[in-house]
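The values are calculated or read from the model by the stated rules, or taken from the named source; none is laboratory data. Treat the numbers as computed from the prediction; the structure is a model and nothing was measured. For neighbour counting, all protein chains shown are included, and Cβ atoms are generated from backbone atoms with ideal geometry for every residue, glycine included.
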């Protein structure tokens with residue numbers, strides 16, 4: 001997504017603040033979420049366990065500290081962001097929560113969530129992202145669970161469809177902020193149903 005108003009380009013190189021934020025994010029994901037990578041880290045995926053999975057809750061004092069530290073830093077980051085940034089974050093959160101409630105409801109607690117899938121441009125087109133996405137799908141299948149995600153835009157939909165995801169709603173943001181000049185942003189909410197249902201042993 002471009003700049004704070006939809007037209008400005010991000011500054012390069014990345015600032016030290018962004019580097020710190022990224023490191024904190026990875027520290028949290030590695031400690032509390034499912035993180036898989038390929039090609040020496042040039043492609044990686046971050047997924048969240050289902051909320052009704054016992055492993056989704058902190059299992060130790062250290063994990064509790066990680067959880068609450070990251071939550072506080074996330075709150076601080078939003079509070080210190082620009083007015084436009086806060087409004088964008090608030091608008092996306094509200095639209096996202098409304099779409100989740102309408103389309104997923106209580107079922108969301110039983111589903112895995114793909115939070116992030118990224119591949120470096122230098123290794124794109126080699127199938128790493130697809131294999132990582134399928135690995136999360138295999139994990140969901142082994143538990144008899146569906147998986148959901150929010151695509152960064154319609155341009156990514158064909159890729160996700162090839163791996164079993166279907167769009168169930170387009171989340172639209174960027175319409176209510178007069179300072180946003182980049183036009184509406186369409187974020188497809190997509191679901192992958194399990195390919196077989198896990199059967200418990202007798």
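Remarks
- Within the range 85-102, the set of residues being farther than 24 Å from residue 168 by Cβ and at pLDDT 85 or above is empty.
- The numbered conditions (1) modelled with pLDDT under 95; (2) within 16 Å of the chain's Cα centre (by Cα) are all true for residue 122 except (2).
- For residue 144, the stated conditions do not hold, so it cannot be described as without any contact (Cβ under 8 Å) to a residue 12 or more places away in the chain and outside any helix (DSSP H, G or I).
- Of all the criteria given as (1) surrounded by 15 or more Cβ atoms within 10 Å (Cβ to Cβ); (2) in contact with a helix residue (DSSP H, G or I) (Cβ under 8 Å, 6 or more places away or on another chain); (3) at pLDDT 95 or above, the one not satisfied by residue 140 is (2).
- Of the listed requirements (1) in a helix (DSSP H, G or I); (2) touching a strand residue (DSSP E or B) at 6+ places or on another chain (Cβ under 9 Å), residue 117 misses just one: (1).
- Screening residue 106 on (1) touching a helix residue (DSSP H, G or I) at 6+ places or on another chain (Cβ under 9 Å); (2) more than 17 Å from residue 34 (Cβ to Cβ) shows it passes everything except condition (1).
- Total residues in the range 44-84 satisfying the condition of being part of a loop (DSSP other than H, G, I, E, B) and either surrounded by 15 or more Cβ atoms within 10 Å (Cβ to Cβ) or at pLDDT 85 or above (or both): the figure is 9.
- Checking each residue in the range 22-42 for being in a loop (DSSP other than H, G, I, E, B) and closer than 20 Å to residue 124 by Cβ picks out 39, 40, 41, 42.
- Output for the range 85-114, where each listed residue is closer than 15 Å to residue 44 by Cβ and loosely packed, with under 15 Cβ neighbours inside 10 Å: none
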